[in-house]
Each structure stands twice: as structure tokens, then as C-alpha cells.
Amino acid sequence: MPVRVCQHRPGLAGDPRAEISVAGALRGVSLIDLANLSVTALQVVLPRITEPTLTAHDIANMDPADLLAVGAEVGAFLVSKADRLSVSPTK
């Protein structure tokens with residue numbers, strides 16, 4: 001299921017929203033690096049999963065708060081549903 005993330009500073013071709021769909025896009029990337037929100041790992045994965053597509057250049061120039069928000073959504077995909085519900089019963 002795609003997730004929409006709004007940025008503080010629009011940078012995705014002028015669109016402040018990014019749609020993220022992670023399924024099948026994690027090949028060749030360390031899950032530990034993604035869980036640690038490694039910028040290098042995010043620069044590999046985000047172009048595969050964002051719509052409109054974020055490039056490595058876009059990611060390198062993102063506002064840190066926006067990068068953290070997008071990375072947190074990717075990280076949430078790595079957490080089991082039971083664990084997500086124990087932290088936030090609405091998700």
C-alpha cells in the first residue's frame with residue numbers, strides 16, 4: 001500500500017508530496033542500513049520506490065526533516081504490524 005509523505009520544502013518536481021511503495025525494491029540493500037536511515041541506503045532505495053521518482057541528487061539536497069520523514073516511512077515498512085500497533089494503535 002503506497003504511503004504519502006508531505007515535505008516541508010517542496011522538491012519533487014514542485015510537488016510537496018511523495019508516494020512511497022516499498023514492495024520488491026529492497027534487493028541489494030542492507031536492511032540494517034535502512035533501519036539506521038543511512039543516507040547512502042536511502043539514495044539506492046528511494047529512486048525505486050517514490051512517485052514522482054526521487055533521484056540521488058534530489059535526496060542529497062532534501063531538507064533533513066524531510067529526509068527523516070521519508071526514511072521513517074521506509075523504516076516503518078521494516079517493522080512488523082504487531083510492533084507498529086504496540087507503538088501507535090492507529091497505524
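Overall shape: prolate for region 34-91, with the ratio a/c of the largest to smallest alpha carbon gyration tensor axis at 1.5 or above and a/b above b/c. All other residues whose Cβ lies under 13 angstrom from that of A41 are scored, Lys and Arg at +1 and Asp and Glu at -1, for a net of +1.
Values in this text are rule-based calculations from the coordinates and carry no lab data. Given the structure is predicted, the values throughout are model-derived calculations rather than measurements. As a convention, Cβ positions derive from the backbone with ideal geometry for all residues, glycine included, and neighbour counts pool all protein chains shown.
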